[in-house]
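Accompanying notes for the structure given below.
The numbers here are math on the coordinates, done by the rules we state, and not lab data. These figures come from a predicted structure and were not determined experimentally. Glycine gets a Cβ as well: all are built from the backbone with ideal geometry, and neighbour counts include every protein chain shown.
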Amino acid sequence: MRRLSVHTERTYAGWIRQFSLHVKRCPQLSREEKLRSWLEHMAPQCSASTQNQALNAVVFLYRDVLQEPLGEIGKWARAKRPKKLPVYLEMPEMSALLSALPPGARLMARLAFGTGLRLNELLSLRMKDVHLMTDHPTVDVRGGKGDKDRVVPLPRTLVMELHEHVQRMRVMFDRDRAAGRAGVYLPDGLESKFPNGGREWAWFWLWPAKSESMDPNAGIIRRHHVHEDTLGKALKAACRKAGIAKRVTAHTLRHSFATHLLAQGTDIRRIQEWLGHSSVETTMIYTHCIPRESGDVISPLDALTQHNIVPFPANTTLQTYPQLRRA
C-alpha cells in the first residue's frame, strides 16, 4: 500500500522477524522497553545505519501494520555513526578494471561509470529508456530511489557499442516472441492496463537474463533482467586480475562517477540531479575525496627532495664524516 520497493519489503520483514524473537525472550517488558533493549543489544555489533534501519522497520510494524503507534522509547545506546569516505577508483585503476572485465560485464560497468546509475537502476533499464539516435544521447531512469524519475546524459563513446548490444538483444526478443513465451514484467500494475505490453520491444530489458525464471508474484515463467550479483561477481574477479587492492562493488562505479566530475569542476547541483540525491549535502561527501586544496601544499618530504638534501643513513657515525667530527 505504501508502494515501497521490494528490497525495503524484504529488509523490513527480516528485521521484524528478528524483533519478534527478541520479544519472546522478555515478555514482561512493555513495547517501548522491548524495542529499546533490542536496539541496545544490537549497538555493539552493528553500524548506526543498520540500527536505524531496524528501528524504522519496527516503527513501520506498529504504525502502519498494527496501527498502534509506539510511544516515547526514551534514551537508548545508539551506535556511533562514523565519518567514512566513499571508495572510488582513480583513472588508471578504472582503466585496468574495465580492461579485465569480460565483454558483457564491461559494457554494463562502463555504462554505470559513465552515468552514475545505481545497480537496480542499471538493471531495470528498458529499451525505451535509452535514447541513442539523438544529438544529445540520454538515459531515462524510471522509478529510481524514492520512486523518482530523472534523465542523465549518456557518454557518446558508448553510443555505437550500445547500438550493437541492442541489435543482439533484438535477436533474443524475436526468438521469445516466435516461441510464444510470456512477456516481461511491467511495473505499477501496467500489466492489467496493457495486457500485451510485456511482449512489446519497447519494454524489453536492456540487460535480459540468458534463461527464464519463475516470477514469484505472477506465478509464471518469464524472462527477467540479469541477476543482481552478476556485475558484482565480475567486478570482484576483475579486481583480482588487475591487482586492485580495493573493495570494488557496483556502487564504487557510481562513487567514481561523482568524484571525477567534481574533480573536473562540474557544478555540484548538476551532479546532484544526475545522481538523484534529494539533498545536495549527500552529494557534498564526494568533495572530501578530492585533494584540490592540497595541490598547492608541499610536503616537508617533497621540500627536502627538491633541495637535493639527502638524509644521512641510519648507521651514520662521526668517523664516517670527518667534517661532522670537526664541527
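Brief remarks on what is shown
- For His225, the residues whose modelled amide H falls within less than 5 Å of its own, excluding neighbours fewer than 5 places apart on the same chain, are Ala209.
- One quarter of the surface of the convex hull around the alpha-carbon atoms of the chain equals 27.6 nm², the direction-averaged projected area.
- Karplus-derived 3J(HN,Hα) values for the stretch 15-23, using 6.51 cos²θ - 1.76 cosθ + 1.60 with θ = phi - 60°, are 5, 5, 5, 5, 5, 5, 5, 5, 4 Hz; glycine and proline are entered as x.
- Pair His288, Asp147: separation of 7 Å Cα→Cβ label points (nm): 3.3
- For Lys34, a cut-off of 16 angstrom between C-alpha atoms picks up these lysines, skipping any fewer than 8 places away in its own chain: Lys24, Lys75.
- Formal net charge of residues neighbouring Thr230 (Cβ-Cβ distance under 12 Å; K, R +1; D, E -1): +1
- Percent RCO, i.e. relative contact order, over the stretch 6-65, from Cα pairs under 8 Å lying at least 6 residues apart: 48
- Between the stretch 64-121 and the stretch 185-215, the C-alpha centres lie 26 angstrom from each other.
- Among Trp15, Trp207, Trp274, the residue with the largest mean-square fluctuation in a Gaussian network model of the chain, with springs joining Cα atoms closer than 10 Å, is Trp15.
- Residue among Arg240, Arg110, Arg223 with the largest mean-square fluctuation in a Gaussian network model of the chain, springs linking Cα atoms under 10 Å: Arg240
- Label zone at His7 (point 7 Å along Cα-to-Cβ), backbone N below 12 Å, the stretch 225-255: 228-229, 250-252
- Our summary gives the chain a relative contact order of 17 percent, counting only alpha carbon pairs under 8 angstrom and 6 or more residues apart.
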